[in-house]
Amino acid sequence: MKKIFHIFYIASIILFVSSCNKGFLDVSTELADEMDMEKIFSNPADTRKFHRYIYDGVPNTMNMTWWSNFTTFKGQSNIWAFFSDDLNKYPSVFPYTRALDPTDDFISRWHYYKYIRQANLFLERAKEIPNTGMADFIGLTELNDLKAQARFFRAYYHYLLFEVYGPIPIMTTSIAIDQQQIDFPRNSVDEVVDFIYTELTEVSGELKDPDLSNINQLAVPTKGTALAVRARLMMYAASPLFNGGYSEALTLVNKDGKRLFPDHDSQKWNKALDAVQQFIDYANSGHYELYKAYDGGVFDPDRSIYEVHMSFNKETIFARSEDNTNSTAFWLDQKNVPRGARGGNSINGGVAVTQELVDAFFMADGLTISESPLYSESGFSNPGEDITGQTDVGTYRMFINREPRFYQTVFYNGRKWHVGNEQIWFQDNTGNSGRSTNGAVAQRWPRTGHLLYKRMSRRVYAEGSHPRSEYRPPIIHRLAEFYLLYAEALNEVNPNDPRIIEYIDKIRERAGVPLLRDIKTGIIGNQAAQREAVRAEMRVELCTEGQRFHDQRRWMLADKSPSEGGLNGAFYGMNVTASTLDEFYKRTKVHDRVFLRKEYLMPIPLNEIQKSVFLVQYPNY
């Protein structure tokens, strides 16, 4: 199975990764030196290496860093979970108490233009290499497959740019890097959406159906991938940020006066629903299904929630096929094992879950913590008090009687590690996983008193015969996300559609949570209440996977307070500096976060603006 780790990982990085300094369309040293394209595309091995480099832009959702000296990570890692209200990154000021800035290039996605150029070069230059009796050749079938993949990635990378920058320049041809002017104006929001939509529609007919039986194709984009990305694109286009709701951008024009943002168009929700419906129809025709695990024929929601992230399965729509042993310093396992557990170390164990996310999980009765009689923040549990059986006697009551997704996501104070049975304590200097004694990184510890547990392997342990690492695909999109997007789109078009509650309940049923149709019949048909139900379900089902921040932006909630689903205001955790347990469990402010309205869209990097004739920056940057 380990062969899949490197299928489309950067086998060609030695040949293609170094970049020159001539602008955002650069690709590599070889291309900068005008390497002989005819020679490359006359050799099957070189052609495939050239093609594999296009895959390098696929995001890695298991990579939990944004270090500025690792420029290839940039906006490709899971920095967005830290930007959202899901996670807190140890002592960082940015992006919490300091606003985004055009000089923040290390979290930029602008470098995706080099991957787009690579795709364009492949589409322009790649050709059949006849079978002349030699061992290797590229026939028409393989060529068409490679070109379809390249075309998908060209559209997908435009989508990733659009996701954070909105209106961007569309690039459909390669530009000679010695050309005097490699500078282009932004296309409008509608032009970008139409381009990506058309490309994904056309290429979806050329890509193959998903096939879990083919180990060599697990990370390759499929027809389902194209339809899914197209569906999310149209959800963006219909949402307030890109559909007339961002007032500051409505007056933004190119230097020639061309307007970039559209006025509100309610029909865009119908277009979004149509795109999501086409994906759902495709998914439900046998191509995808929610992952469910069974023990002796009995459905096990805990295993289901955990195992969906442990392998490629029929819920996986798109994932990167990278081996976590290739970048161990940045993957979740290495960032997040507490020091009190075997395998933890003095500089890691600091990916903290916010109190706001802890509070978002439902109780075992399917209700929120404000609705459920099961919830308490008073003292510690007695025998038989936790009806879930998930916690030990003496657990702080905030953590008992919670839904299964809570226990698969949050590692709380006093919980025992899954292997070795070490009890973990997050108090500042009195706990075994509190503040580090390593002076250089003394604050790399969970400042909220809650550690991220989701997607952590339950087999890895640095002792005996236990594995030291375990591969999990960095999943970008999975079916649960699109069931909830479907419910959202249905609700915006017709709140009386019974499929809204049906598809939310599909997710709740897999999570082992009581269904809305049974416990909240009063919200059925109420558009505002159903909208909140969809968002609440997204919050917990997809938490820390990297999509929450983009949803907060497209809904235009991010500049609101945390209690309103935003990012602007006080964020809380436990009192990690306490010397006693009773004091530890007092809600304590971690910091006041800042999210300014200008940050709804990322600024174009300053160095690109400075050398550009045509590009315009967003207001107030």
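Keeping to segment 369-407, report how many residues are charged (D, E, K, R) and in a loop (DSSP other than H, G, I, E, B).
Here the count works out to 6.
Condition check: assigned to a loop (DSSP other than H, G, I, E, B), modelled with pLDDT of 95 or more, touching a Pro at 6+ places or on another chain (Cβ under 8 Å) and buried (at least 18 other Cβ atoms within 10 Å of the Cβ). Does residue 366 satisfy that? So residue 366 passes the test. Quick one: in segment 209-221, which of the residues that are under 11 Å from residue 287 (Cβ atoms) and out of contact with any Phe, Trp or Tyr (no Cβ under 8 Å at 6 or more places or on another chain) is modelled with the lowest pLDDT? Filtering segment 209-221 for residues that are under 11 Å from residue 287 (Cβ atoms) and out of contact with any Phe, Trp or Tyr (no Cβ under 8 Å at 6 or more places or on another chain), the one modelled with the lowest pLDDT comes out as 211. In segment 155-184, the residues that are more than 22 Å from residue 198 (Cα to Cα) form Cβ pairs under 6 Å with partners that are of a type in the set (S, T, N, Q) and at pLDDT below 95, at six or more places apart or across chains, as follows: 183/612. Within segment 356-379, being under 23 Å from residue 581 (Cβ atoms) and touching a residue at least 60 places away in the same chain (Cβ under 8 Å) holds for 356, 357, 358, 361, 377. Does residue 394 qualify as being touching a helix residue (DSSP H, G or I) at 6+ places or on another chain (Cβ under 7 Å) and without any contact (Cβ under 8 Å) to a residue 60 or more places away in the chain? So residue 394 fails the test.
Taking into account only those residues within segment 515-551 that are within 27 Å of the chain's Cα centre (by Cα) and in a loop (DSSP other than H, G, I, E, B), which is nearest to residue 451 (Cα to Cα)? This residue is 544.
In segment 468-483, the residues that are closer than 16 Å to residue 305 by Cβ form Cβ pairs under 7 Å with partners that are at pLDDT 90 or above and in a helix (DSSP H, G or I), at six or more places apart or across chains, as follows: 479/283; 480/507; 480/541; 483/503; 483/506; 483/507.
Would you confirm whether any residue within segment 415-424 is over 25 Å from residue 344 (Cβ atoms), free of Cβ contacts under 8 Å to residues at least 40 places away in the same chain and of a type outside the set (Gly, Ala, Ser)?
No: zero hits.
As for segment 570-578, it holds at least one residue that is more than 19 Å from residue 358 (Cα to Cα) and not in a helix (DSSP H, G or I). Taking the conditions (1) more than 26 Å from residue 510 (Cβ to Cβ); (2) surrounded by fewer than 20 Cβ atoms within 10 Å (Cβ to Cβ); (3) at pLDDT 95 or above in turn, residue 413 satisfies each one other than (2). Scanning segment 156-171 for residues that are within 12 Å of residue 115 (Cα to Cα) and out of contact with any Phe, Trp or Tyr (no Cβ under 8 Å at 6 or more places or on another chain) turns up just one, 156. Checked against (1) touching a strand residue (DSSP E or B) at 6+ places or on another chain (Cβ under 8 Å); (2) modelled with pLDDT of 95 or more; (3) not in a helix (DSSP H, G or I), residue 482 meets all criteria but (3).
The values are calculated or read from the model by the stated rules, or taken from the named source; none is laboratory data. This one's a predicted model, so the numbers in the text were calculated from it and none came from an experiment. Cβ sites come from the backbone with ideal geometry, for glycine too, and all protein chains shown count toward neighbours.
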